[in-house]
Amino acid sequence: MLEHQIDILPVGSDGPWGAAQEKIYQEVQQRLTCDALAIGVLRLPKPQTEGLLCVHGWPAADVVEMLQNNFEQQALTKAAIKNGAAAATPQESPFSSAKLKNHHVVMAMAAESTAKRIWWWAIFGRKGKPFTETEIEMANLLLLRWQVHFHRADEPGVGRVLLGAGDRVQLADLDTQATLLTNHKLLDDLLQEFHPVISQRFPELPVNASRDIALNLAGQDYWVRFQRRQPVDGLGEQQWYIELRRLGEDELPVIGVLTDERIARAIAFLHENYPDSPSLTLLARQVHMSPFHFHRLFSKQAGISPKHYLQKKQLQTAKWLLRSSKEPIGAIAAHTGFASHGHFTSTFHRIIGVSPSEYRHQF
């Protein structure tokens, strides 16, 4: 699968989130030797567990206890806020758990919003030798790199939003923050339209699986890619990570909540299986209808035939991958359900007006 670019931290998101956390840990190990780490976006003075993005090697409950134990007034926190990063010996450890008191730790802080007192935060720990000055500086650089990764997407024009409990905006990239400040209807429409559509189409959405829908928000059509995330095992809080891309004319059509649940399920099946180019017969079988009746009802409810909807979904994904990845065009063709490189190129040119390579060179 090529669809790996949807994530907050710079790792792939296919497969279990635990595997993604392991990749983060391995990346850190290349620059900063540690036994455990935790990363989050925290709102002071009372950090919430929904702001945690990754915990590896420590019991999540001990990290939560540390955050909720007068976090802002801890000496290590104050030093990290002042200097970008700071270290503590086991005797100075912010952890109250006896099991973690034998860790040397280094904490990094990077301001996200001084007005709202939101900070990117990371803490790294290891047994044995203390962290050096170089390693303390490296901890700060790693955190800044993750922050920059979130704000600097791989393609222009994509907006990123992280929703926490109660659909509170935990994090948004800088351009999206500016848009939300001046266009409150965008967020209002997103919160109003998002959950009903995904609840109907993906009622059993797996944690950390990427899905997509098209929504009209504040009078503009958007392609909305998202994940329901459970960032830390053992904690009940979940997040919604959402990416917003504006839709152009004749792209994936906006289809909201449908009166017939079967057609909604069929659209979901198309989105989950478009690389296999499912046939009309297979789609109809999924919702226990005859192909003739299914085609007629789908076209009436969605305003477009199943065949043309599938093609739009395939081309939508192909254009995204051409913009945001360096994968060979043949690999993109295979991933998005086209029979061959030539079939993809001819279809793309006929519908989009330029070849896939010409389209890629525009970005």
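Below are the figures for this structure:
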{"quantity": "The range 261-281 - residue that is surrounded by 15 or more Cβ atoms within 10 Å (Cβ to Cβ) and free of Cβ contacts under 8 Å to residues at least 60 places away in the same chain and, of those, nearest to PRO306 (Cα to Cα)", "calculated": "LEU280"}
{"quantity": "Hey, LEU187 touching an Asp or Glu at 6+ places or on another chain (Cβ under 8 Å), part of a helix (DSSP H, G or I) and under 19 Å from ALA218 (Cα atoms) or not", "calculated": "no"}
{"quantity": "Among residues of the range 58-80, those that are outside any helix (DSSP H, G or I) and buried (at least 17 other Cβ atoms within 10 Å of the Cβ), counted", "calculated": "2"}
{"quantity": "Enumeration of residues in the range 112-138 that are crowded, with 20+ Cβ neighbours inside 10 Å, under 25 Å from the mean Cα position of the chain (by Cα) and assigned to a loop (DSSP other than H, G, I, E, B)", "calculated": "none"}
{"quantity": "Qualifying residue in the range 74-81 (condition: within 26 Å of the chain's Cα centre (by Cα) and at pLDDT 95 or above)", "calculated": "no"}
{"quantity": "Count - residues of the range 308-357 that are of a type in the set (Gly, Ala, Ser) and in a loop (DSSP other than H, G, I, E, B)", "calculated": "6"}
{"quantity": "Residue in the range 162-185 that is within 25 Å of LEU310 (Cα to Cα), surrounded by 19 or more Cβ atoms within 10 Å (Cβ to Cβ) and either among the acidic types (Asp, Glu) or not assigned by TED's automatic domain parsing to the domain that holds GLU50 (or both) present", "calculated": "no"}
{"quantity": "Residue within the range 37-56 that is more than 23 Å from the chain's Cα centre (by Cα) and surrounded by 20 or more Cβ atoms within 10 Å (Cβ to Cβ) present", "calculated": "no"}
{"quantity": "Lone qualifier among LYS300, LYS313 - being surrounded by 14 or more Cβ atoms within 10 Å (Cβ to Cβ), of a type in the set (Lys, Arg) and outside the structural domain of GLU193 (by TED's automatic domain parsing)", "calculated": "LYS313"}
{"quantity": "Conditions (1) modelled with pLDDT under 90; (2) in a helix (DSSP H, G or I): number failed by PRO196", "calculated": "(1)"}
{"quantity": "Members of the range 335-351 found to be crowded, with 17+ Cβ neighbours inside 10 Å and either in contact (Cβ under 8 Å) with a residue 24 or more places away in the chain or acidic (Asp, Glu) (or both), listed by number", "calculated": "HIS335, THR336, GLY337, PHE338, PHE344, THR347, PHE348"}
{"quantity": "Single residue of the range 348-363 satisfying the filter (farther than 19 Å from GLY157 by Cβ and of a type in the set (Ser, Thr, Tyr)) that is nearest to the chain's Cα centre (by Cα)", "calculated": "SER357"}
{"quantity": "The lone exception for GLY84 - which of (1) free of Cβ contacts under 8 Å to residues at least 24 places away in the same chain; (2) buried (at least 17 other Cβ atoms within 10 Å of the Cβ); (3) at positive phi it fails", "calculated": "(1)"}
{"quantity": "Residue ID - farthest from the chain's Cα centre (by Cα), chosen from residues in the range 82-108 that are in a helix (DSSP H, G or I) and more than 20 Å from TRP120 (Cβ to Cβ)", "calculated": "GLN91"}
{"quantity": "Subset of the range 289-326 [farther than 19 Å from ILE263 by Cβ and free of Cβ contacts under 8 Å to residues at least 24 places away in the same chain]", "calculated": "LYS326"}
{"quantity": "Residue, modelled with the lowest pLDDT, within the range 217-234, restricted to residues that are closer than 24 Å to GLU251 by Cβ and in contact with a strand residue (DSSP E or B) (Cβ under 7 Å, 6 or more places away or on another chain)", "calculated": "GLN227"}
{"quantity": "Positions within the range 316-334 being over 18 Å from ASP250 (Cβ atoms) and either surrounded by 12 or more Cβ atoms within 10 Å (Cβ to Cβ) or in contact with a strand residue (DSSP E or B) (Cβ under 7 Å, 6 or more places away or on another chain) (or both), in sequence order", "calculated": "LEU321, SER324, SER325, GLU327, ILE329, GLY330, ALA331, ILE332, ALA333, ALA334"}
{"quantity": "Pair list, Cβ under 9 Å, 6 or more apart: the range 139-157 residue in a loop (DSSP other than H, G, I, E, B), other residue exposed (fewer than 15 other Cβ atoms within 10 Å of the Cβ)", "calculated": "GLU155/PHE363; PRO156/PHE363; GLY157/ARG246"}
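The values are calculated or read from the model by the stated rules, or taken from the named source; none is laboratory data. Since we're looking at a predicted model, the values are computed, not measured. Counting neighbours? That spans all protein chains shown, and the Cβs are built from the backbone with ideal geometry, glycine included.
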